[in-house]
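Asker: The structure is given below, and queries will be raised subsequently.
The values are calculated or read from the model by the stated rules, or taken from the named source; none is laboratory data. What you see is a predicted model; the values in this text were computed from it and never measured. We place every Cβ from the backbone using ideal geometry, glycine too, and count neighbours over all the protein chains shown. Heavy atoms of the whole protein, side chains included, go into the accessibility calculation; ligands, DNA and RNA do not. Shrake-Rupley method; radii C 1.70, N 1.55, O 1.52, S 1.80 Å.
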Amino acid sequence: MLTPRTQCIKDSLFAKNRRISIERALLYMESYQRTEGQSAVIRRAKAFRHVLEDHQIVLDAYDLLVGNRSATPRAGVVSPEMSPYWILDELDQFPIRPQDTFDVSEEDKQTYRKLLYPFWAGQTLNDWYSSNRPADVAAAERDRVFAVAQTDKGQGHIIADFEGVLGRGLGEILADVSSRCDEDPENDFYQAGIICIQAMIDYVRRYERIVREAAAGRQTSDPHATTVPAATSRRSSELGRLADVLSHVAEEPARDLYDALELVWLISVALQHESNASSLSLGRMDQYLLPYYRASVAAGATDDEIRELLQCFYLKTNTIVAVRSTDSARFFAGFPIGYNLVVGGVDVAGDDASNELSLLLLDLQRDTRLTQPNLSVRVHRGTPDALLHKTAEVIRLGDGLPQCFNDEVNIDSFVGRGIALADARDYAVVGCVELSIPGRMYGLHDICMFNLLRCLEITMHEHPGGFESFEALESAVERTINHYIALMVRGCNVCDEAHRETSPTPFLSVLVHDSLEKGADITFGGARYNPSGVQGVGIANLADSLYAIKRAVFEERSISWQRLLEILGRDWSGEGDEVIRQRLINCYAKYGNDIDEVDELGRYFLQYYGERVATYDNVRDGRFQPGSYTVSAHIPLGAAVGATPDG
């Protein structure tokens with residue numbers, strides 16, 4: 001259970017309404033006003049530094065860990081450098097929109113309208129995408145055949161090399177980047193990397209100064225910080241220890257669990273300051289934290305002390321939420337920030353890698369009962385019963401966590417896509433359920449959602465006279481899917497280029513393998529692996545609709561093609577239509593009930609979609625990678641489709 005300290009922290013997260021924060025937007029604008037004419041990667045690095053130097057730091061009366069993205073917890077941090085338009089449109093709607101609501105002060109509304117919007121309009125990621133997107137791609141998006149998802153926000157969906165940061169320390173990483181820059185002084189990425197890592201070191205030092213002042217019982221001298229000075233000797237001692245941790249991890253490798261958790265969290269916060277993106281995930285924490293956990297145990301840390309420290313970390317992950325446009329929030333509802341934390345699985349040799357920390361990290365869900373971190377368990381044939389039982393216990397809580405992933409299937413799938421076996425065995429999860437290789441893959445997961453059912457609808461409308469056979473209909477649906485996949489790929493690649501040209505992420509890139517060796521930001525293909533993930537949505541309704549057509553139109557001939565089109569066109573509103581609708585719903589088998597004939601239709605078209613997607617290359621020298629999960633995209637994409645043959 002939570003301690004009195006962590007219960008107070010949890011209660012504080014929900015004590016007030018969520019608010020929109022424009023602090024980061026103002027700081028980014030101030031920096032960009034001073035860096036006009038410089039390269040995008042340098043401008044982004046300097047804006048990152050400015051945010052770390054001047055954003056409002058908060059130290060409360062309870063926390064054992066520091067690191068906040070916004071002055072109030074769970075604030076909606078807007079990033080108009082990505083797209084200022086939807087924010088302007090929704091300033092008055094944030095408090096009353098259907099989901100994911102935020103309060104906005106009148107002062108901030110006026111600042112946005114008079115200052116931020118005029119500055120950013122015309123020079124954002126969204127502007128670049130819109131001006132370079134082909135007309136036929138734009139038309140397909142308007143028709144909701146697919147939705148390119150990362151045109152108004154940071155990309156994210158990646159795991160930094162936390163193991164490397166903890167083991168090397170920021171000082172060694174800075175020396176590495178500086179050495180490479182000495183050899184290639186004209187490389188803007190190396191210059192940006194130096195700016196970012198030095199800014200990160202200074203950021204940790206800034207926290208150290210603030211905490212030391214609080215430990216001494218003094219108000220902070222930092223003009224952009226709010227603190228609660230120590231009022232007791234116990235709190236003074238706690239803050240003194242925290243300041244010592246910050247002093248060490250500013251440049252040196254972690255020594256124990258306290259060091260490791262503080263550094264991992266500050267890196268995570270800084271990554272948010274850089275790109276304000278979802279799914280900057282945590283990776284296999286039971287693996288890279290294990291030596292530091294054991295060091296703390298060996299040094300005499302008690303189980304209660306360790307558990308409370310981990311509770312503080314878990315609660316920190318709930319201080320950050322994602323604010324999206326109303327339209328985007330329908331695809332990704334519930335503020336998902338995607339701090340996915342993975343336990344279990346195999347090691348590089350293929351042996352079970354679970355350990356005592358795996359069980360503890362799972363068991364902490366019983367204490368916090370919150371949605372973050374998004375817990376995942378890797379399961380394989382050799383998973384110990386103890387981990388399986390603990391997984392079942394936590395699932396039984398009813399929180400929807402953890403989710404389970406099949407090592408045998410996933411590792412083979414990665415290897416089949418050209419991932420080295422050792423890297424494949426180290427896979428983790430980002431965001432919701434997207435698979436990635438920690439510190440080595442920039443996957444652009446969820447860059448697009450593809451509406452498979454809309455392809456059937458378009459096919460039917462384009463053939464009012466019908467088809468000679470069901471097989472002819474299937475072939476026509478294949479052609480429609482293929483046509484729109486090609487358009488989707490073009491749209492995704494333009495989005496990819498938009499991130500490259502306007503929104504590189506040099507801090508994150510330094511923490512991803514091969515970027516330094518290549519001398520390139522991950523948006524330029526710096527990562528070792530560079531797929532683009534696109535999701536096929538609506539496969540169940542597609543299979544059900546095709547099966548209903550096959551039986552009713554082509555086999556039983558109980559309804560003609562033309563009459564079916566008429567009925568669908570009037571949305572079952574005609575006389576006798578409801579009888580037909582109920583027959584289509586209840587008399588024909590549905591996908592997912594172990595009925596081979598209809599399941600085979602789903603399997604065939606999902607496989608067709610996947611095979612076609614996988615033939616395309618992206619602009620980072622990677623391949624497109626198909627998926628079939630929806631998050632909540634089935635709601636808006638379903639709304640884009642009219643009445644369907646499955647009833």
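Asker: Cβ contacts < 6 Å: first residue touching a residue at least 60 places away in the same chain (Cβ under 8 Å), restricted to region 636-647; second residue assigned to a loop (DSSP other than H, G, I, E, B), any location; separation 6+ or different chain. Result?
Answerer: Ala640/Arg144; Ala643/Asp571; Ala643/Trp572
Asker: Can you go through Val177, Val165 and tell me which one is more than 30 Å from Val489 (Cα to Cα), out of contact with any Gly (no Cβ under 7 Å at 6 or more places or on another chain) and aliphatic (A, V, I, L, M)?
Answerer: Step by step, each of Val177, Val165 is checked, and only Val165 is more than 30 Å from Val489 (Cα to Cα), out of contact with any Gly (no Cβ under 7 Å at 6 or more places or on another chain) and aliphatic (A, V, I, L, M).
Asker: Which count do you get for residues in region 14-23 that are among the hydroxyl-bearing types (Ser, Thr, Tyr) and open to solvent by 80 Å² or more (accessible area, probe 1.4 Å)? Before the answer, list the steps.
Answerer: Within region 14-23, the subset among the hydroxyl-bearing types (Ser, Thr, Tyr) is 21.
Then drop every residue that is not open to solvent by 80 Å² or more (accessible area, probe 1.4 Å), which leaves none.
Residues flagged as among the hydroxyl-bearing types (Ser, Thr, Tyr) and open to solvent by 80 Å² or more (accessible area, probe 1.4 Å) within region 14-23 amount to 0.
Asker: Let me ask another. For Val343, only one of the following conditions fails: (1) farther than 28 Å from Asp100 by Cα; (2) part of a helix (DSSP H, G or I); (3) open to solvent by less than 40 Å² (accessible area, probe 1.4 Å). What is its number?
Answerer: Going through the list (1) farther than 28 Å from Asp100 by Cα; (2) part of a helix (DSSP H, G or I); (3) open to solvent by less than 40 Å² (accessible area, probe 1.4 Å), Val343 breaks only (2).
Asker: Can you spot a residue in region 442-452 that is open to solvent by 20 Å² or more (accessible area, probe 1.4 Å) and either at pLDDT below 95 or on the phi < 0 side of the Ramachandran plot (or both)?
Answerer: Of all residues in region 442-452, those open to solvent by 20 Å² or more (accessible area, probe 1.4 Å) come to none.
No, region 442-452 contains no residue that is open to solvent by 20 Å² or more (accessible area, probe 1.4 Å) and either at pLDDT below 95 or on the phi < 0 side of the Ramachandran plot (or both).
Asker: Right, next: Does any residue of region 198-216 turn out to be in a helix (DSSP H, G or I), more than 17 Å from Leu59 (Cβ to Cβ), open to solvent by 10 Å² or more (accessible area, probe 1.4 Å) and in contact with a helix residue (DSSP H, G or I) (Cβ under 9 Å, 6 or more places away or on another chain)?
Answerer: Here is the first cut: in region 198-216, the residues in a helix (DSSP H, G or I) are 198-215.
From what's left, more than 17 Å from Leu59 (Cβ to Cβ): 198-202.
Remaining after also requiring open to solvent by 10 Å² or more (accessible area, probe 1.4 Å): 198, 202.
Those left that are additionally in contact with a helix residue (DSSP H, G or I) (Cβ under 9 Å, 6 or more places away or on another chain): 198, 202.
Among the residues of region 198-216, at least one is in a helix (DSSP H, G or I), more than 17 Å from Leu59 (Cβ to Cβ), open to solvent by 10 Å² or more (accessible area, probe 1.4 Å) and in contact with a helix residue (DSSP H, G or I) (Cβ under 9 Å, 6 or more places away or on another chain), which makes the answer yes.
Asker: Something else: Among the residues that make up region 421-438, is at least one of them of a type in the set (Gly, Ala, Ser) and in contact with a Phe, Trp or Tyr (Cβ under 8 Å, 6 or more places away or on another chain)? Steps first, answer last, please.
Answerer: Quick first cut of region 421-438, residues of a type in the set (Gly, Ala, Ser) only: 422, 424, 428, 431, 436.
After this cut, where a residue has to be in contact with a Phe, Trp or Tyr (Cβ under 8 Å, 6 or more places away or on another chain) as well, the list is 424, 436.
Yes.
Asker: Something else now. Among helices (runs of 4 or more DSSP H) lying entirely in region 489-588, which contain 2 or more residues that are crowded, with 23+ Cβ neighbours inside 10 Å?
Answerer: 506-510, 539-549
Asker: Any residue in region 491-504 that's under 17 Å from Gly622 (Cα atoms): show its pairings with residues that are among the aromatic types (Phe, Trp, Tyr) at Cβ separation under 7 Å, as long as the two are six or more apart or on different chains.
Answerer: Val494/Tyr129; Cys495/Tyr129; Ala498/Trp128; Ala498/Tyr129; Arg500/Phe524
Asker: Could you check region 522-559 and list, in sequence order, the residues that are among the polar types (S, T, N, Q) and either touching a residue at least 60 places away in the same chain (Cβ under 8 Å) or within 16 Å of Glu457 (Cβ to Cβ) (or both)?
Answerer: Thr523, Asn530, Ser532, Gln535, Asn541, Ser545
Asker: Looking at region 130-148, is at least one residue under 26 Å from Tyr339 (Cβ atoms) and within 26 Å of the chain's Cα centre (by Cα)?
Answerer: Within region 130-148 (the criterion being under 26 Å from Tyr339 (Cβ atoms) and within 26 Å of the chain's Cα centre (by Cα)), the answer is yes, since at least one residue qualifies.
Asker: Kindly indicate which of Asp136, Asp152, Asp127 is assigned to a loop (DSSP other than H, G, I, E, B), of a type in the set (D, E, K, R) and either farther than 30 Å from Gln287 by Cβ or open to solvent by 30 Å² or more (accessible area, probe 1.4 Å) (or both). Full working, then the answer.
Answerer: Numbers: Asp136 fails: assigned to a loop (DSSP other than H, G, I, E, B); Asp127 fails: assigned to a loop (DSSP other than H, G, I, E, B).
Residue meeting the stated conditions: Asp152.
Asker: Okay, next question. May I ask you to list the residues in region 394-417 that are assigned to a loop (DSSP other than H, G, I, E, B) and either without any contact (Cβ under 8 Å) to a residue 12 or more places away in the chain or under 21 Å from the mean Cα position of the chain (by Cα) (or both)?
Answerer: Of everything in region 394-417, those that are assigned to a loop (DSSP other than H, G, I, E, B) and either without any contact (Cβ under 8 Å) to a residue 12 or more places away in the chain or under 21 Å from the mean Cα position of the chain (by Cα) (or both) turn out to be Arg396, Gly398, Asp399, Gly400, Leu401, Pro402.
Asker: From the list Glu305, Glu262, pick out the single residue that is buried (at least 24 other Cβ atoms within 10 Å of the Cβ), more than 21 Å from Ala47 (Cα to Cα) and not aliphatic (A, V, I, L, M).
Answerer: From the options Glu305, Glu262, the qualifying one is Glu262.
Asker: Taking region 454-476, which residues are among the hydroxyl-bearing types (Ser, Thr, Tyr), open to solvent by 30 Å² or more (accessible area, probe 1.4 Å) and part of a helix (DSSP H, G or I)?
Answerer: Ser475, the sole residue that qualifies.
Asker: Residues to consider are Glu163, Glu141; find the one that is open to solvent by 40 Å² or more (accessible area, probe 1.4 Å), assigned to a helix (DSSP H, G or I) and modelled with pLDDT of 95 or more. Steps first, answer last, please.
Answerer: Values: Glu141 fails: open to solvent by 40 Å² or more (accessible area, probe 1.4 Å).
Answer to the check: Glu163.
Asker: Only one residue in Leu387, Leu361 is closer than 13 Å to Asn340 by Cα, touching a helix residue (DSSP H, G or I) at 6+ places or on another chain (Cβ under 7 Å) and open to solvent by less than 50 Å² (accessible area, probe 1.4 Å), so which one is that?
Answerer: The conditions single out Leu361.
Asker: Could you tell me how many of the residues in region 226-261 are part of a loop (DSSP other than H, G, I, E, B), among the acidic types (Asp, Glu) and over 26 Å from Asp286 (Cβ atoms)? Walk me through how you get there before you give the answer.
Answerer: Step one: of region 226-261, the residues part of a loop (DSSP other than H, G, I, E, B) are 228-232, 250-256.
Now restrict to residues that are among the acidic types (Asp, Glu): 251-252, 256.
Now drop any that are not over 26 Å from Asp286 (Cβ atoms), which leaves 251.
Adding up the residues that qualify gives 1.
Per-residue answers, yes or no, for (1) of a type in the set (Asp, Glu); (2) in a loop (DSSP other than H, G, I, E, B); (3) open to solvent by less than 10 Å² (accessible area, probe 1.4 Å):
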{"site": "Ala25", "(1), (2), (3)": "no, no, yes"}
{"site": "Gly37", "(1), (2), (3)": "no, yes, no"}
{"site": "Ile42", "(1), (2), (3)": "no, no, no"}
{"site": "Arg49", "(1), (2), (3)": "no, no, no"}
{"site": "Val58", "(1), (2), (3)": "no, no, no"}
{"site": "Tyr62", "(1), (2), (3)": "no, yes, no"}
{"site": "Leu65", "(1), (2), (3)": "no, yes, yes"}
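Each row is one residue, and each column tells you yes or no for (1) open to solvent by 40 Å² or more (accessible area, probe 1.4 Å); (2) under 22 Å from the mean Cα position of the chain (by Cα); (3) among the β-branched types (Val, Ile, Thr); (4) under 30 Å from Gln150 (Cα atoms).
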position: Arg324; (1), (2), (3), (4): no, yes, no, yes
position: Phe331; (1), (2), (3), (4): no, yes, no, yes
position: Asp347; (1), (2), (3), (4): yes, no, no, no
position: Gly350; (1), (2), (3), (4): no, no, no, no
position: Leu370; (1), (2), (3), (4): no, yes, no, yes
position: Leu375; (1), (2), (3), (4): no, yes, no, yes
position: His380; (1), (2), (3), (4): no, no, no, no
position: Thr383; (1), (2), (3), (4): no, no, yes, no
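Asker: Every residue in region 272-302 that is of a type in the set (Lys, Arg) and buried (at least 22 other Cβ atoms within 10 Å of the Cβ), please.
Answerer: Arg284
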